[in-house]
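Below is one structure, written out as structure tokens; the observations come after it.
The values are calculated or read from the model by the stated rules, or taken from the named source; none is laboratory data. Computed from a prediction, not measured in an experiment: that's the story for all the values here. Please note: Cβ atoms are built from the backbone with ideal geometry, for glycine as well, and neighbour counts cover all protein chains shown.
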Amino acid sequence: MRTSPNHARLLVVLSLVCVVAAADAGAGQRTAPELWDLLKSGGHVALIRHARAPGFGDPPGFRLDDCATQRNLSDEGRGQARRIGQAFRDNGVTVDNVLSSEWCRCLETAALLGLGPVERFPALNSFFEMRENRDPQMKILVPWVRDVRSDGVFVLVTHQVVISALTGVGAGSGEIVVVRPRGDTLGNSPLEVLGSIPPP
């Protein structure tokens, strides 16, 4: 069977796409020690999904100003958050800033990390129940991450839906997704996903 010139070109393009995809997949297979070394070198962003908080979503009618109306960390989650912070210290990672979603489970996780003062950053808020907020938040968060310049690390404590929208990674509770900003590249993704570290 003869292959038309257009068909041949399509096969070449598809082959190149597969090669690039395979290279990207391989780049994301870094070990936890390698990722800690990258964080220690500075200039990276650590996206952390809040520590363990049993349940799913938030109760109907929850309010940001009342933690009692929200899904919150369990004792296990509080211990997990402390261990994550200790892992940063044990690996010699310099943290410049800690920013958090305004949800109580994120703010408590961020505080229990013990890595410095916690700043509220609404662009990190969950949009699980309010999907209409996804695009407006990403319009703020994507350029913010793209333009990060730091000798240390920015820690962002947020939710699975936010991490997934930003990186394509479905992070588990307490998981750390390590990204490198790409503020000086044209036509590329605003960040490079380097891999993820499971919770300690």
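Sort through Ser101, Ser196, Ser150 and tell me the only one that's within 24 Å of Leu64 (Cβ to Cβ) and of a type in the set (Gly, Ala, Ser).
On the way: Ser196 fails: within 24 Å of Leu64 (Cβ to Cβ); Ser150 fails: within 24 Å of Leu64 (Cβ to Cβ).
Going through Ser101, Ser196, Ser150 in turn, just one is within 24 Å of Leu64 (Cβ to Cβ) and of a type in the set (Gly, Ala, Ser): Ser101.
Which of the following residues is within 22 Å of Asp58 (Cβ to Cβ) and aliphatic (A, V, I, L, M): Leu115, Leu99?
Numbers: Leu115 fails: within 22 Å of Asp58 (Cβ to Cβ).
Criteria check complete, one pass: Leu99.
Considering every residue within segment 164-174, establish whether at least one is at pLDDT 95 or above, under 17 Å from Gln80 (Cβ atoms) and touching a Ser or Thr at 6+ places or on another chain (Cβ under 6 Å).
no
So which of Cys67, Cys106 ends up being within 18 Å of the chain's Cα centre (by Cα) and not small (Gly, Ala, Ser)?
Cys106
Can Gly85 be described as farther than 17 Å from Ile163 by Cα, touching a Lys or Arg at 6+ places or on another chain (Cβ under 8 Å) and not basic (Lys, Arg)? Walk me through it before giving the result.
On the way: farther than 17 Å from Ile163 by Cα: yes; touching a Lys or Arg at 6+ places or on another chain (Cβ under 8 Å): no; not basic (Lys, Arg): yes.
The answer is no for Gly85.
Residue by residue through segment 90-107, note down the ones that are in contact (Cβ under 8 Å) with a residue 12 or more places away in the chain and more than 26 Å from Ile140 (Cβ to Cβ).
Scanning segment 90-107 gives Asn91, Gly92.
Would you point out which residue out of Ser150, Ser74, Ser126 is within 15 Å of the chain's Cα centre (by Cα) and polar (S, T, N, Q)? Steps first, please.
Working: Ser150 fails: within 15 Å of the chain's Cα centre (by Cα); Ser74 fails: within 15 Å of the chain's Cα centre (by Cα).
One residue alone meets the criteria, Ser126.
Matching residues to (1) of a type outside the set (A, V, I, L, M, F, W, C); (2) under 27 Å from Gly43 (Cβ atoms); (3) modelled with pLDDT of 95 or more:
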{"position": "Ser100", "(1), (2), (3)": "yes, yes, yes"}
{"position": "Cys106", "(1), (2), (3)": "no, yes, yes"}
{"position": "Ala111", "(1), (2), (3)": "no, yes, yes"}
{"position": "Gly116", "(1), (2), (3)": "yes, yes, yes"}
{"position": "Arg120", "(1), (2), (3)": "yes, yes, yes"}
{"position": "Ala123", "(1), (2), (3)": "no, yes, yes"}
{"position": "Pro136", "(1), (2), (3)": "yes, no, no"}
